[in-house]
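Let me begin by presenting the structure, written as structure tokens, before commenting on it.
The values are calculated or read from the model by the stated rules, or taken from the named source; none is laboratory data. This structure is a prediction, so every number in the text was calculated from the model and none was measured. Quick reminder, even Gly has a Cβ in these numbers, built from the backbone with ideal geometry, and neighbours come from all protein chains shown. The area values use the complete protein model at the heavy-atom level, side chains included, leaving out ligands, DNA and RNA. Shrake-Rupley method; radii C 1.70, N 1.55, O 1.52, S 1.80 Å.
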Amino acid sequence: MSSVVQFDLFGEVEEKLQERTRRREEEAARRPEPRPARSPRRRRRALPSDPHRHAGSVAESVIAAWFSHYGGSRMDVPLGTIAALAFFREPLVADWLLTLEPAQLPQLLREIWAAQWMTRPDLVEVARPLHDWVEEDPDEHQLRAVQAVVHTAVHGGLFDLTARDDPTERSEADVLSPLLTGLRHKSDKKWRGEYHTPSCVTDLMAEVLAVGDQGSTIREPALGTGGMFRSVAQTLRFRGLNPHDYTWLGNDIDRLATACAAVNAILWDLGPKTVIWCADTLATKDAGLTEALDQRAAVIKHRNAVVEQALFERRAHQLLQALNQLTEGAAA
């Protein structure tokens with residue numbers, strides 16, 4: 001008798017377990033199937049509401065990081081580091097950059113500048129004051145300061161301004177101008193007479209400037225880091241015109257300023273007819289334009305020779321491989 005009761009009790013439990021299992025299966029059937037994992041996408045943020053203020057904030061943070069970790073007078077090191085980072089177009093690279101050790105940074109920076117040299121050797125040559133230091137074998141102390149600059153720029157939102165495929169978005173602000181002026185001592189700026197025109201002023205000037213037809217030349221004899229070029233290029237784009245259709249000629253007496261302007265010319269995609277050089281407009285014949293054009297032609301010719309040599313060596317290597325395969329096949 002008791003065995004029958006025990007069996008009935010187990011039967012009730014079994015029925016309840018089966019019922020519960022059935023309900024779970026029905027609920028699972030009603031649930032939507034999980035979506036397949038999506039491929040990683042770029043982390044896109046909206047442009048900062050005030051790009052110029054954002055650029056200034058990034059510059060201030062980088063300056064503080066540089067001086068707190070190094071405190072030296074080498075303006076070219078933090079400037080060149082930020083200029084190189086600005087060439088990245090993929091925001092996801094930020095996470096990878098934060099994993100790099102100080103000793104790995106010089107090789108990374110060399111490769112960034114080398115890649116840019118292949119496409120715009122003329123402008124990268126003008127920007128040489130920003131990347132010559134990488135070849136100087138920086139010491140560990142300095143590299144830790146460079147690492148601090150990289151981390152600060154990433155966390156501060158540098159890529160919110162520069163890691164954009166659209167040159168119009170990349171041209172919303174000049175990151176290098178506030179960085180250059182902030183790194184330079186007040187007495188040095190006064191001696192040089194270096195006071196960069198605020199972006200609101202250059203934007204207004206570009207709006208009222210009667211830009212000529214396609215093929216016209218935009219000339220700036222006191223270029224700085226290129227703020228006026230940026231404003232004119234943006235105005236052209238807003239009017240449905242392409243900066244590539246214009247010739248851009250700009251010079252400045254300050255080598256670091258023209259180096260920054262050369263980098264900005266790449267970032268802002270001013271086009272192939274852009275010539276930037278360092279010269280005193282008032283004390284140099286034709287403001288140094290003739291010499292700048294000669295140097296530009298020589299640099300481009302050298303790049304072309306390097307590319308041709310590399311292509312020749314690659315073809316020769318391929319031919320040798322093919323010959324070896326034929327020889328091995330004949331021997332077999």
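The gain in end-to-end length when the R128 to L293 segment is fully stretched comes to 57.7 nm, 0.36 nm per residue minus the alpha carbon separation. V208 exposes around 110 Å² of accessible area when a 1.4 Å probe is run over every protein chain in place. Taking every C-alpha pair closer than 8 Å and separated by at least 6 residues, the mean separation divided by the residue count of region 74-153 gives a relative contact order of 54 percent. Taking one quarter of the surface of the C-alpha convex hull of region 228-307 gives a mean projected area of 6.0 nm².
So for region 71-160, what percent of the C-alpha to C-alpha distances run longer than 20 Å? Across region 71-160, Cα pairs with separations above 20 Å total 30 percent.
Model label sites at R314 and M118, defined 7 Å from Cα along the beta-carbon direction, differ in position by 0.8 nm.
Other residues with beta-carbon under 13 Å from the beta-carbon of Q234 carry, at +1 per Lys or Arg and -1 per Asp or Glu, a net charge of -3.
Each other residue within a Cβ distance under 14 Å of Q116 adds +1 if Lys or Arg and -1 if Asp or Glu, for a net charge of +1.
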